[in-house]
Amino acid sequence: SDGSIRLHQMTSEYPLMQWNGSTKGQPVVALQWALTRPAVFFALDASSNIYIWDLLENDLLPVAKQTMPSERVVTMTLLGEPEKANGLLGIVLAKESGQIDIQYVKKKWALP
């Protein structure tokens, strides 16, 4: 609820990494690992900002941020085929009105 993100290992109650204020205090409403690239995850905050983290590129800050200004996004999920090396990775966004929007991710964050 405070915008912090923690990376845990299943065998420990203490986080391996913790990023405080990663969303400038906005609550994180959805977070998901990329299906096609293990070091990448996506976070959605309550202000409809999507943050892309690539831990191989930068483990301190998100590598990209995309604001969805038209309408509030209430949740997101990712789609892709991890068993295929084609690098297709999409973000499915559910908007407050009930509309669903699918956007594809740049190959540099999707390729295995």
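Using the Cβ-Cβ distance between I102 and N58 with R0 = 22 Å, the FRET efficiency computed as 1/(1 + (r/R0)^6) comes to roughly 0.25. Charged neighbours of A46, selected by a Cβ distance under 15 Å, balance to 0 (K, R count +1; D, E count -1). For the pair K65 and Q18, the difference between a 0.36 nm per residue extended length and the Cα-Cα distance amounts to 15.1 nm. Of the listed values (i) 0.96; (ii) 1.01; (iii) 1.05, grab the one calculated as Rg/Rh (Cα atoms, Kirkwood Rh) from the structure here. Read-out from the structure maps to (i). Taking a sphere under 10 Å around the Cβ of E96 and counting the other residues whose Cβ falls inside, with K and R at +1 and D and E at -1, yields a net charge of +1.
Label segment 40-103 by shape, choosing from rounded, prolate and oblate, from the square roots a ≥ b ≥ c of the eigenvalues of the Cα gyration tensor; if a/c is under 1.5 it is rounded, and otherwise prolate applies when a/b is larger than b/c, oblate when it is not. In terms of gyration-tensor shape, oblate. Around M68, what is the net charge, scoring Lys/Arg as +1 and Asp/Glu as -1 over all other residues with Cβ under 13 Å from its Cβ? In short, -1.
Note on D2: accessible area is roughly 80 Å² with a 1.4 Å probe, heavy atoms of protein only.
For the chain, the solvent-accessible area works out to 59 Å² per residue, with a probe of 1.4 Å and every protein chain left in place.
The values are calculated or read from the model by the stated rules, or taken from the named source; none is laboratory data. The shown structure was predicted, so the numbers you read here are calculated from the model rather than taken from an experiment. Methodologically, a virtual Cβ is constructed for each residue, glycine included, from the backbone with ideal geometry; neighbour enumeration extends over all protein chains shown. Heavy atoms of the whole protein, side chains included, go into the accessibility calculation; ligands, DNA and RNA do not. Shrake-Rupley method; radii C 1.70, N 1.55, O 1.52, S 1.80 Å.
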